[in-house]
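Only one structure is covered here, and it is reproduced in the block below.
The values are calculated or read from the model by the stated rules, or taken from the named source; none is laboratory data. Bear in mind the structure is a predicted one, so any value in this text is a computation, not a measurement. So basically every Cβ, Gly included, is an ideal-geometry build from the backbone, and we count neighbours across all protein chains shown.
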Amino acid sequence: KVPFTGLPGTNYERTFIAIKPDGTERRLVGEIIGRFEKKGFKLVGIKILHPTPEQAAKHYDDLKSKPFFDGLVKYFSSGAVVCMVWEGKDVVKTGRKLIGETNPALSVPGSIRGDLCIEVGRNIIHGSDSTQSANDEITLWFGETEVTNYESPLEKFIYERK
Ligand code: UDP
Ligand code: MG
């Protein structure tokens, strides 16, 4: 059984991925989930909610001194956010690669931001940037009973060994 935030001391991890209000409004939820699914990662937690500005500020607490912080909080709390926990080998770092660079203009085609958005202030998706922030963010947005565990026979086609 994989613990709440991943298997400690291994690279079998869990990460927090959120589709921001613009991604949800633009009907990109299926597209984004599809990219993580097709890669081989496993969806173990999902819900949709409209964050309060307080929740958004807490989520982005490390950026509170940045000039764009107020706009960011407004943006993240402006509508429905799809909150997810994804599991797999190196999912924190590889998830960030699937997402692309913070600025969509610098994101390569093939990445989510490189393919689907244009501006940094409307970059449609969030992903944890380290195992520590994944841990904090999963704990902020999910209760232990909201994240599930399941094994599938498919895994032997995705991992040589696990
Ligand atoms: N952001 C912004 N202007 C900037 C940098 C960041 O509006 O100059 C927003 C953008 O939506 C970004 C979020 O703040 O996704 C969080 O910034 P971070 O540096 O953590 O980027 P991320 O981890 O999302 O790539
Ligand atoms: Mg970040």
In region 36-58, is there at least one residue being under 12 Å from the mean Cα position of the chain (by Cα) and either assigned to a helix (DSSP H, G or I) or modelled with pLDDT under 95 (or both)?
yes
Any idea which of (1) within 20 Å of residue 3 (Cβ to Cβ); (2) free of Cβ contacts under 8 Å to residues at least 24 places away in the same chain is the one residue 113 doesn't satisfy?
(1)
Of the conditions (1) away from ligand 2 (no atom under 14 Å from the Cβ); (2) without any contact (Cβ under 8 Å) to a residue 60 or more places away in the chain; (3) at negative phi, residue 47 satisfies every one except a single condition; which number is it?
(2)
Name the helices (runs of 4 or more DSSP H) wholly within region 75-162 that hold at least 2 residues that are within 12 Å of ligand 2 (Cβ to nearest atom) and not acidic (Asp, Glu)?
91-99, 131-141
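Taking region 50-68 only, how many residues are under 18 Å from residue 142 (Cβ atoms) and either within 12 Å of ligand 2 (Cβ to nearest atom) or among the acidic types (Asp, Glu) (or both)? Steps first, answer last, please.
Step one: of region 50-68, the residues under 18 Å from residue 142 (Cβ atoms) are 50-52, 54-56, 58-61.
Going one step further and asking which of them are either within 12 Å of ligand 2 (Cβ to nearest atom) or among the acidic types (Asp, Glu) (or both), we end up with 54, 59-61.
Adding up the residues that qualify gives 4.
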How many of the residues making up region 114-151 are surrounded by 19 or more Cβ atoms within 10 Å (Cβ to Cβ), over 13 Å from the mean Cα position of the chain (by Cα) and not aliphatic (A, V, I, L, M)?
1
I'm checking my understanding of the structure. Among residues of region 12-63 that are over 17 Å from residue 124 (Cβ atoms) and among the β-branched types (Val, Ile, Thr), which one is surrounded by the most Cβ atoms within 10 Å (Cβ to Cβ)?
44
So which residues in region 7-40 are within 16 Å of ligand 1 (Cβ to nearest atom) and hydroxyl-bearing (Ser, Thr, Tyr), if there are any at all?
15, 24
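So which of 66, 156 is away from ligand 1 (no atom under 15 Å from the Cβ) and surrounded by fewer than 21 Cβ atoms within 10 Å (Cβ to Cβ)?
On the way: 66 fails: away from ligand 1 (no atom under 15 Å from the Cβ).
Exactly one residue qualifies, and that residue is 156.
Restricting the search to region 101-110, which residues are of a type in the set (Gly, Ala, Ser) and either in contact (Cβ under 8 Å) with a residue 40 or more places away in the chain or exposed (fewer than 15 other Cβ atoms within 10 Å of the Cβ) (or both)? Even if it seems obvious, please write down each step before you answer.
Keep residues of region 101-110 that are of a type in the set (Gly, Ala, Ser), which gives 105, 107, 110.
105, 110 - these are the residues of region 101-110 that are of a type in the set (Gly, Ala, Ser) and either in contact (Cβ under 8 Å) with a residue 40 or more places away in the chain or exposed (fewer than 15 other Cβ atoms within 10 Å of the Cβ) (or both).
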